[in-house]
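The values are calculated or read from the model by the stated rules, or taken from the named source; none is laboratory data. Just so it is clear, the model here is predicted, and its values are computed rather than measured. So basically every Cβ, Gly included, is an ideal-geometry build from the backbone, and we count neighbours across all protein chains shown.
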Amino acid sequence: MKRHLGARLFFGGLSVLLLASALLGGCSSPAPTPQVSPGPRQLPEWISRPSHIDGEGGEIAIFAVGKSDAHSNRSVQASDARRRARGELARTVNVLVQSMVRGFMETHRGYYESMDSASSVEYIQDISRQVTQQIISGAKLWEDFHDPIEKAYYALYKIDMTEVILSYRDQMNAAFRREVSRRRMVVDSEAFEVDLERQLNRLRGMTAKQIRASSGV
């Protein structure tokens, strides 16, 4: 009798333990899944610098960025961004060259004594326009980027400062020869070329920061 009673008590206690364990297991929640924060967007550094002159020594260049917002046609979007970049590049080159021409004319007034203010402005604008057109016609896409989040398209154009200087020299010489012929001026053309080359050598020796400061670009 005692043996049967002990067995019932043992199995009864075991049943209670198993029931309690099942109840506790049913009430517990599964471990939460860790939330992984998305990493920062990796955008090219040049996107934050839309138009600028940068570089060191003989490697100074002009950079220009164009942006096109989200568009259903990627080809149209890319063309729009590149067109905008070329427009920015043209604006920068135009401002830079006007500053260069104006600086030369102010330093060497003797070559331009016969010009009035209106003629001087036209002369400066004509040279800067010729240089800008030549530079833009040869400008190449340097890099592009499509933002997968905002769906925007960016295009980066680059032109070496040496190309601007060479085009500027050619257009300055050509414009001066036209002016001498038109006004029948008696000037020392060789002295003009020497003075122009001195200006170009100063430009070649300038840092990007100095070029930006002197031109206002």
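Taking (1) under 22 Å from Gly55 (Cβ atoms); (2) in a helix (DSSP H, G or I); (3) hydrophobic (A, V, I, L, M, F, W, C); (4) out of contact with any Asp or Glu (no Cβ under 9 Å at 6 or more places or on another chain) in turn, Leu141 satisfies each apart from (2).
The residues of the range 144-160 that are part of a strand (DSSP E or B) and within 16 Å of Ser79 (Cβ to Cβ), listed by number, are Asp144, Phe145, His146, Tyr153, Tyr154, Ala155, Leu156, Tyr157.
Only residues that are without any contact (Cβ under 8 Å) to a residue 40 or more places away in the chain and either more than 19 Å from Arg84 (Cβ to Cβ) or part of a helix (DSSP H, G or I) (or both): list them for the range 44-58, please. First the steps, then the outcome.
To start, the set of residues in the range 44-58 that are without any contact (Cβ under 8 Å) to a residue 40 or more places away in the chain comprises 45, 48-50, 57.
Within the range 44-58, Glu45, Ser48, Gly57 qualify.
Please verify whether Glu179 is at pLDDT below 95 and not in a helix (DSSP H, G or I), treating the condition exactly as stated. For Glu179, the condition - at pLDDT below 95 and not in a helix (DSSP H, G or I) - is not met.
Please go through the range 133-170 and pick out each residue that is without any contact (Cβ under 8 Å) to a residue 60 or more places away in the chain, within 25 Å of Ser189 (Cα to Cα) and of a type in the set (S, T, N, Q).
Taking the range 133-170 first, the residues without any contact (Cβ under 8 Å) to a residue 60 or more places away in the chain are 133-141, 148, 163, 165-167, 169-170.
Those still in the list that are within 25 Å of Ser189 (Cα to Cα) too: 134, 163, 165-167, 169-170.
Within the range 133-170, Gln134, Ser167 meet the criteria.
A Cβ distance below 8 Å, combined with a sequence gap of six or more or placement on separate chains, defines the contacts here; from the range 105-128, residues that are farther than 15 Å from Met172 by Cβ reach residues that are among the basic types (Lys, Arg) in the pairs Ser114/Arg183. Residues in the range 195-217 that are at pLDDT 95 or above and hydrophobic (A, V, I, L, M, F, W, C) were compared, and the one that is farthest from His108 (Cα to Cα) is Leu200.
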